[in-house]
Amino acid sequence: MPAARRLARFVVGLRLDDVPSPIVARTGLLTLDTLGCCLAAARYDFTRAARATDRASRVVRNLDALERKPNLRRLMELVSR
């Protein structure tokens, strides 16, 4: 059986209760960090250049909408320091 299929079967059978709580907590922090980086980058020149393509501009518009949410705006302020 290919490795990708074995991995897929493992993931499908995985329950959140099976994952140690420190791993769940760390994953949450890493996810917030990634989101914060995406939001902070939204104001730079390279992001404006990415808006030139149709697909990229849809992604950036979605990030801009998220940026207007109060908690995410605060997260972006913290990350950009």
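Only the coordinates and a few stated rules stand behind these numbers; no lab work does. On a predicted model such as this, the values are computed, not experimentally measured, just so you know.
Summary table
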read-out: Anisotropy class of segment 4-45 from Cα gyration tensor, a/c 1.5 cut; value: oblate
read-out: Extension gain from residue 37 to residue 49, taking 0.36 nm per residue of separation minus the Cα-Cα distance; value: 2.6 nm
